[in-house]
Amino acid sequence: MKTSLIALVLQGEYAPNPAIKGGTLATTSQPVGEMMSSMFAPLKAQFGALATG
């Protein structure tokens, strides 16, 4: 549950001094990065399909 909440914070984060370290997959903890990647996988696939065809 905590990872889910952190992922939501990262998704909506815009402040110059975020409450948690994140912003990119390189600076985000692995569990949160994996959750964000899987959460957006369907959207990424849709964009990929639009780009190729």
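The values are calculated or read from the model by the stated rules, or taken from the named source; none is laboratory data. Note that the structure is predicted; figures quoted are calculated from it, not measured. Note: ideal-geometry Cβ built from the backbone for every residue, glycine included; neighbour counts use all protein chains shown. Side chains included, ligands, DNA and RNA excluded: accessible areas come from the protein's heavy atoms. Shrake-Rupley method; radii C 1.70, N 1.55, O 1.52, S 1.80 Å.
Overview of results
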item: Selected residue (criterion: least open to solvent (accessible area, probe 1.4 Å)) from residues of the range 30-53 that are of a type in the set (A, V, I, L, M) and in contact (Cβ under 8 Å) with a residue 12 or more places away in the chain; result: Val32
item: Residue match in the range 41-50 (condition: modelled with pLDDT of 70 or more and either in a loop (DSSP other than H, G, I, E, B) or in contact with a strand residue (DSSP E or B) (Cβ under 9 Å, 6 or more places away or on another chain) (or both)); result: no
item: Criterion (within 14 Å of the chain's Cα centre (by Cα), at pLDDT below 85 and open to solvent by 50 Å² or more (accessible area, probe 1.4 Å)) met by exactly one of Ala26, Ala19; result: Ala26
item: Residue match in the range 6-14 (condition: in a helix (DSSP H, G or I), open to solvent by 70 Å² or more (accessible area, probe 1.4 Å), at pLDDT 80 or above and not polar (S, T, N, Q)); result: no
